[in-house]
Structure formats: structure tokens, C-alpha cells
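No lab work stands behind these numbers, since they all come straight from the coordinates. These numbers come from a predicted model, not from an experiment. As a convention, Cβ positions derive from the backbone with ideal geometry for all residues, glycine included, and neighbour counts pool all protein chains shown.
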Amino acid sequence: MKLDFTDQVVIVTGAGSGIGKAAAMDFAKAGAIVVSLDVVGAKECADEIASMGLRRRGHVMDVRNAAAWSALVGALVSAHGKVDVLVNMRRRGARRHRDRCLGRDVGQK
Ligand SMILES: NC(=O)c1ccc[n+]([C@@H]2O[C@H](COP(=O)([O-])OP(=O)(O)OC[C@H]3O[C@@H](n4cnc5c(N)ncnc54)[C@H](O)[C@@H]3O)[C@@H](O)[C@H]2O)c1
């Protein structure tokens, strides 16, 4: 069965890697406007989607930041009039992985 998400606005957290990235790719291939969020790799995910000629917006964003959510959703509603789907694939407890990627000392936490 081929799913059709044409023109639907889909936010994917944890889109920088793993299942979140795979979900972001699949929603983009199904016609969605994918908003990829992650602390690491969000832009790269969006760039990969764009390189396939598909629609995307990539945001480096910590999903624990309430003000960032308000700003993001406000911007999406202004631009597209809606948000259709939220896929929450951010891995809880992924701080060590994130810090390692950002070159931070992970031994202190
Ligand atoms: N991989 C599996 O086998 C499996 C099995 C069952 C459930 N899950 C669940 O699926 C989800 C994704 O798993 P995965 O293996 O793809 O994980 P992953 O570690 O590959 O990806 C998780 C992403 O979340 C991002 N992230 C972490 N904290 C963030 C924050 N505060 N703000 C924004 N982004 C943040 C990380 O940078 C990372 O890119 C997790 O919730 C996991 O528990 C995974």
C-alpha cells in the first residue's frame, strides 16, 4: 500500500539519525513537507531530502525547549496554515550520544 501525505506538514523529532531519519525520508517520499528536528544532523537530513527533489525544512532544535516549539509551530502555521503530523523519535537519554557528536566531555554526567 502506498501512503499519500501530499502537502501535509510533518514534524519529525530525532530526524538526524536512526528511525527518525528513516521516517523523515519516507514521509518526504510520500509527498509531505517534512520538518526535521534534531540537535545533531537535522540540516543534513533536510539536505538529503532536498537532494531527492523533495520538500523539507531542517531545524537544529532541542525538543525540550518550549519557546523553540512555540516559535516553530507559529512559523509553520504562518507558512502552511497547519501542522498535520508529529512523529516523536527523539531518543530519551541520548544526551551522551549527542554530547559525543558535539565533542563535549561525556565523562562528567
Ligand atoms: N533502535 C531500536 O531498535 C528501537 C527499538 C524500540 C524503540 N526505539 C525508540 O525509537 C526512538 C528512536 O530510536 P533510534 O534508535 O532511531 O535512536 P537514535 O539515537 O539513532 O536517534 C535519536 C535521535 O534523537 C536525537 N535527540 C536526542 N535528544 C534530543 C533533543 N533533546 N532534541 C532533539 N533531538 C534529540 C539524537 O540526536 C538522535 O539523532 C527512541 O525513542 C527509541 O527509544 C528504538
### Message
Can you say whether A79 is more than 15 Å from the ligand (Cβ to nearest atom), in contact with a helix residue (DSSP H, G or I) (Cβ under 9 Å, 6 or more places away or on another chain) and of a type in the set (G, A, S), as far as the supplied structure shows?
### Response
no
### Task
Would you mention how many residues in the range 1-33 are aliphatic (A, V, I, L, M) and within 15 Å of the ligand (Cβ to nearest atom)?
8
### Pick from the range 34-57, criterion within 13 Å of the ligand (Cβ to nearest atom), closer than 17 Å to V83 by Cβ and small (G, A, S), ranking: surrounded by the most Cβ atoms within 10 Å (Cβ to Cβ)
S36
### Summary
If we keep only residues of the range 61-72 that are surrounded by 15 or more Cβ atoms within 10 Å (Cβ to Cβ) and near the ligand (Cβ under 9 Å from one of its atoms), then the residue farthest from D38 (Cα to Cα) is V63
